[in-house]
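I have placed the structure first, in the form of structure tokens, so that the comments after it can refer back to it.
No lab work stands behind these numbers, since they all come straight from the coordinates. Everything quoted here is computed from the prediction, not taken from an experiment. Here the Cβ positions follow ideal geometry from the backbone for every residue, glycine too, while neighbour counts run over all protein chains shown.
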């Protein structure tokens, strides 16, 4: 399997612009997670989906962030409008989720820089 | 809420040395996970622990689930250059669901 695929790998944008990050989970995995990693706050869970349905979005920082999963093989994380403090590495991960400790497989991440 | 602390924050060791790091929490965890993140990549699961007192090995790595259920330890024996990276502990934020909390990480550097 190709693993979790994320695009783009790097994104540089200006403050106020809309940013869309994309993720393709591992085929057959029922759970999809979006994380954000910064030096200050470490690795934080933003939102996760089960069978395309958002289960817990309590980690989403504010209304500027939104995530969708229109089908089992694709998810997006959108930031509109973007701000410099959104600069971070955003990871997507997926798991089988048969039990809550199932391994989460992480993608390579998208490094976002907002100028 | 449940938070995880890791020590040391960073360490520099000579190739061939053994490494020890730990993870602590003020709350009880029923599962401990150890991940490694290579530069420019996402974290990869190394070891999962499910029971207090459990000792599990994965090659040169050994992890233990503390008896108090509030801590866990990871040891690496005979370190090699490819051990360089950030090691994270993690656990389920609540005892159901898929919401995990990650520690701040221990950054390991291995000198040749």
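Numerical summary
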read-out	value
GNM flexibility winner over chain A from A:39, A:15, A:69 (Cα, springs under 10 Å)	A:39
Quarter of Cα convex hull surface for segment A:30-77, i.e. mean projection, nm²	3.4
Pairwise FRET efficiency - residue B:3 versus residue A:76, Cβ, R0 = 25 Å, nearest 0.05	0.25
16 Å tail of the calculated P(r), segment A:56-115, as % of Cα pairs	56
Fewest-first ranking of A:40, B:11, using other Cβ atoms within 10 Å as the exposure measure	A:40, B:11
Relative contact order (percent, whole number), chain A, Cα cutoff 8 Å, 6+ residue spacing	37
Along each principal axis, Cα extent of segment B:48-112, largest first, Å	43, 22, 17
Isotropic mean projected area of the C-alpha convex hull, chain B (nm²)	6.6
Taking N as its residue count, the alpha carbon Rg of segment B:1-59 over 2.2 N^0.38 Å	1.28
Test item: A:16-29 mean partner chain Cβ contacts at 10 Å	0
D_trans [Stokes-Einstein, Kirkwood Rh over alpha-carbon pairs] for chain A, 37 °C, 0.692 mPa s, µm² s⁻¹	234
Between segment B:21-57 and segment A:19-98, the Cα center-to-center distance that results, in Å	22
Taking chain B and dividing mean pair separation by its residue count, relative contact order in percent (alpha carbons under 8 Å, at least six apart)	36
Other protein chain Cβ atoms within 10 Å, averaged over every residue that makes up A:45-58	2
Relative frequency of Cα-Cα separations exceeding 19 Å in segment A:1-69, percent	41
Projected-area average for the protein assembly as shown over all orientations - Cα convex hull basis, square nanometres	12.3
Inter-chain Cβ neighbour average for residues B:36-49, partner chain, 10 Å	4
